[in-house]
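This report concerns only the one structure given below.
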Amino acid sequence: MKRAAALTSLLSAVVLVMTAPSPSFANDVPVPPDPDIRAHLDRGDEFFFQGNLSAARTEYEAAAEMIRENGQVPAKALHRIAYTQYYEGRYQTAGKTLEKLAEEAAAFGDLKTEAWALADAAWVAWKAGDKIDVNRRVARLERLLTSPYLPSDVKAEIRAKRLGDYSLALAK
């Protein structure tokens, strides 16, 4: 019985990983060295892969608050919160979380995080079939991609990994 439950948990984790949105900037965001923040993110990841998305989100929210208290943008935590919302089928909420991340990043002058958060928010809207939100988010992203302060390699990566998908949605 325990073996069957373990196998089911493992298969659920594999399905979650295999169906996850394509990797984005959040994988490149360093985690603050604070062991308490790391512990919240790690526990959140454990809950996520067990399929307990609500508990995972609670851990990620705690990490986000601690990161904010340290005067940083909680990019990794907010992105993971959006993933939990996405997998619960709460696409609008996930998109809003990513837009919140873009706003926080903009307040800190972190153009790379802002751009990727907008690109991921547009991706979520595209996956949900919400053309209005796709158009709105892509328009904002396109304006940001004209900034001379955003590195060329980031612009190119966003265009290659995200905007190609949206051009299909925008053409319809």
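On the given criteria, is Ala94 among the hydrophobic types (A, V, I, L, M, F, W, C), closer than 18 Å to Ile158 by Cβ and either at pLDDT below 95 or surrounded by 24 or more Cβ atoms within 10 Å (Cβ to Cβ) (or both)?
Values: among the hydrophobic types (A, V, I, L, M, F, W, C): yes; closer than 18 Å to Ile158 by Cβ: no; either at pLDDT below 95 or surrounded by 24 or more Cβ atoms within 10 Å (Cβ to Cβ) (or both): yes.
No; evaluated as a whole, the condition is false for this residue.
So Asp130 clears everything in (1) over 21 Å from Ala75 (Cα atoms); (2) at pLDDT 95 or above; (3) of a type in the set (Asp, Glu) except one condition, right? Which one?
Asp130 satisfies all of (1) over 21 Å from Ala75 (Cα atoms); (2) at pLDDT 95 or above; (3) of a type in the set (Asp, Glu) except (2).
Inspect all residues belonging to the stretch 142-155 and state whether any of them is under 16 Å from the mean Cα position of the chain (by Cα) and either part of a loop (DSSP other than H, G, I, E, B) or buried (at least 19 other Cβ atoms within 10 Å of the Cβ) (or both). Give the steps one after another, and end with the answer.
To start, the set of residues in the stretch 142-155 that are under 16 Å from the mean Cα position of the chain (by Cα) comprises none.
There is no residue in the stretch 142-155 that is under 16 Å from the mean Cα position of the chain (by Cα) and either part of a loop (DSSP other than H, G, I, E, B) or buried (at least 19 other Cβ atoms within 10 Å of the Cβ) (or both).
Suppose we filter the stretch 44-58 for residues that are closer than 10 Å to Ile81 by Cβ and either of a type in the set (S, T, N, Q) or in contact with a strand residue (DSSP E or B) (Cβ under 6 Å, 6 or more places away or on another chain) (or both); how many remain?
1
Residues in the stretch 63-86 that are more than 14 Å from Glu114 (Cα to Cα) and in a helix (DSSP H, G or I): how many?
Step one: filter the stretch 63-86 for residues more than 14 Å from Glu114 (Cα to Cα), giving 63-71, 77, 80-86.
Checking which are in a helix (DSSP H, G or I) leaves us with 63-69, 77, 80-86.
The number of residues fulfilling the criteria is 15.
Name the one entry in Glu69, Glu59, Glu46, Glu88 that is farther than 26 Å from Ala160 by Cα and buried (at least 20 other Cβ atoms within 10 Å of the Cβ).
Details: Glu69 fails: buried (at least 20 other Cβ atoms within 10 Å of the Cβ); Glu46 fails: buried (at least 20 other Cβ atoms within 10 Å of the Cβ); Glu88 fails: buried (at least 20 other Cβ atoms within 10 Å of the Cβ).
Of Glu69, Glu59, Glu46, Glu88, the one residue that is farther than 26 Å from Ala160 by Cα and buried (at least 20 other Cβ atoms within 10 Å of the Cβ) is Glu59.
If you take the residues in the stretch 103-122 that are hydrophobic (A, V, I, L, M, F, W, C) and surrounded by fewer than 24 Cβ atoms within 10 Å (Cβ to Cβ), which one is nearest to Val154 (Cα to Cα)? Full working, then the answer.
Going through the stretch 103-122, the residues hydrophobic (A, V, I, L, M, F, W, C) turn out to be 105-108, 111, 115-119, 121-122.
Applying the additional criterion that residues be surrounded by fewer than 24 Cβ atoms within 10 Å (Cβ to Cβ) yields 105-108, 111.
Values: Ala105: 15, Ala106: 16, Ala107: 19, Phe108: 18, Leu111: 10 Å.
If we take residues in the stretch 103-122 being hydrophobic (A, V, I, L, M, F, W, C) and surrounded by fewer than 24 Cβ atoms within 10 Å (Cβ to Cβ), then Leu111 is nearest to Val154 (Cα to Cα).
Looking at Ala94, Ala75, Ala121, Ala128, can you tell me which residue is touching a Lys or Arg at 6+ places or on another chain (Cβ under 6 Å) and touching a residue at least 24 places away in the same chain (Cβ under 8 Å)? Outline the logic, then answer.
Working: Ala94 fails: touching a Lys or Arg at 6+ places or on another chain (Cβ under 6 Å); Ala75 fails: touching a Lys or Arg at 6+ places or on another chain (Cβ under 6 Å); Ala128 fails: touching a Lys or Arg at 6+ places or on another chain (Cβ under 6 Å).
The match here is Ala121.
The values are calculated or read from the model by the stated rules, or taken from the named source; none is laboratory data. Quick caveat: nothing in here was measured; it's all calculated off a predicted structure. Backbone-built Cβ (ideal geometry, glycine too); neighbour counts: all protein chains shown.
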